[in-house]
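Q: First the structure, then my questions, so here it is.
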Amino acid sequence: MTIRVRPAEGHDAASCAAIYAPYVTDGWTSFETDPPDAAEMARRIADYSASHGWLVAQAPDGRIAGYAYGSPHRSRAAYATSADVAIYVDDAFARQGVGRALYAALFPMLKDRGFHAAFAGIAQPNAASVALHEAMGFTLVGIYREVGWKLDGWRDVGWWQRLL
């Protein structure tokens, strides 16, 4: 299957929101508790596209298979060249190279915009996400133990880093 990776546009917001919703409601991958609607997702796409980059992977039939974006790592000035990254893939397209294609396009974009390091927070356990990030050059830098409460339990978050 040929996936086309392109910058996200406002009309992609509903598809991105639909992909993201199960990550919010059905597990602890996301620490949000209420999935954002299309309007909120459109706001996020606009904000992060302008500063860091937001990409979508489009399947040959036009469906959005997944998305990835960069966002600020921390607010203090010395962190300005570091970015957090996130990636979400529709279950129908899992393990088909969508994540790799998205990150392969996002990392050069971040570097071109002056970012030096990318960080990914991965709620544990999540073997598939860990495997993707490590395959893309990330290394574990530490684990925040019991940092979030979701689905009736404490959740750890591992942090991975990749220099761009």
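The values are calculated or read from the model by the stated rules, or taken from the named source; none is laboratory data. Bear in mind the structure is a predicted one, so any value in this text is a computation, not a measurement. We place every Cβ from the backbone using ideal geometry, glycine too, and count neighbours over all the protein chains shown.
Q: Out of the residues in segment 117-164 that are more than 22 Å from R100 (Cβ to Cβ) and among the aromatic types (F, W, Y), which is surrounded by the most Cβ atoms within 10 Å (Cβ to Cβ)?
A: Here the answer is Y144.
Q: So, S129, is that one closer than 28 Å to G153 by Cα, touching a helix residue (DSSP H, G or I) at 6+ places or on another chain (Cβ under 6 Å) and either of a type outside the set (F, W, Y) or assigned to a strand (DSSP E or B) (or both) or not? Talk me through it step by step, then tell me what you get.
A: Working: closer than 28 Å to G153 by Cα: yes; touching a helix residue (DSSP H, G or I) at 6+ places or on another chain (Cβ under 6 Å): no; either of a type outside the set (F, W, Y) or assigned to a strand (DSSP E or B) (or both): yes.
When the stated conditions are applied, S129 does not pass them.
Q: Need a quick list: strands (runs of 3 or more DSSP E) entirely within segment 1-120 having at least 3 residues that are more than 24 Å from W159 (Cβ to Cβ). Break it down into steps so the answer makes sense when it comes.
A: On the way: elements: 4-7, 54-58, 64-72, 82-89.
The strands (runs of 3 or more DSSP E) meeting that bar are 4-7, 54-58.
Q: Would you call W28 crowded, with 16+ Cβ neighbours inside 10 Å, in contact with a Lys or Arg (Cβ under 8 Å, 6 or more places away or on another chain), over 16 Å from A94 (Cα atoms) and modelled with pLDDT under 95?
A: yes
Q: Only one of V130, V147 is free of Cβ contacts under 8 Å to residues at least 60 places away in the same chain and farther than 22 Å from P35 by Cβ; which?
A: Exactly one of V130, V147 is free of Cβ contacts under 8 Å to residues at least 60 places away in the same chain and farther than 22 Å from P35 by Cβ, namely V130.
Q: Does G99 qualify as being at pLDDT below 95, of a type outside the set (V, I, T) and closer than 17 Å to I122 by Cβ?
A: No: the conditions fail for G99.
Q: Another one. Can you name the condition, by its number, that D112 falls short on among (1) surrounded by 15 or more Cβ atoms within 10 Å (Cβ to Cβ); (2) under 23 Å from V56 (Cβ atoms)?
A: Here D112 clears every test but (1).
Q: Restricting to segment 30-65, give me the number of residues that are over 22 Å from V98 (Cα atoms), charged (D, E, K, R) and touching a residue at least 12 places away in the same chain (Cβ under 8 Å).
A: Final tally of qualifying residues: 2.
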